[in-house]
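This report refers to the structure that appears directly beneath it.
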């Protein structure tokens, strides 16, 4: 997903996230990552620093580390801003 290893290592602003995931009324904006993507795949405790908005935050953002597995198990759509073109996708699950 990340074209350059260094993309995501420096924290960014909520208005310019590296990726956005949405699902179940939540929106996760990825502001920083701690590991290379290949290491994230093998680490069940891999995390991203995110800004999260949900029905429980009443429109405001809460900031903190979030397990990648929690995001991906609840998100339905994503947008990736790390490449030259914005990529969009959906996360499909088996019924």
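The values are calculated or read from the model by the stated rules, or taken from the named source; none is laboratory data. Keep in mind that what you see is a predicted model, and the values were worked out from it rather than measured. Using ideal geometry, Cβ is built from the backbone for each residue, glycine included, and neighbour counts are taken over all protein chains shown.
Observations, loosely collected:
- Top-ranked residue in the stretch 49-79 [being in a strand (DSSP E or B) and at pLDDT below 95; ranked as farthest from residue 17 (Cα to Cα)]: 77
- Count of residues meeting criterion [surrounded by 13 or more Cβ atoms within 10 Å (Cβ to Cβ), in contact with a strand residue (DSSP E or B) (Cβ under 6 Å, 6 or more places away or on another chain) and closer than 20 Å to residue 81 by Cα] in the stretch 30-66: 14
- Those residues of the stretch 3-29 which are surrounded by 15 or more Cβ atoms within 10 Å (Cβ to Cβ) and either modelled with pLDDT of 90 or more or within 12 Å of the chain's Cα centre (by Cα) (or both), in sequence order: 8, 17, 18, 19, 20, 21, 22, 23, 26, 27, 28, 29
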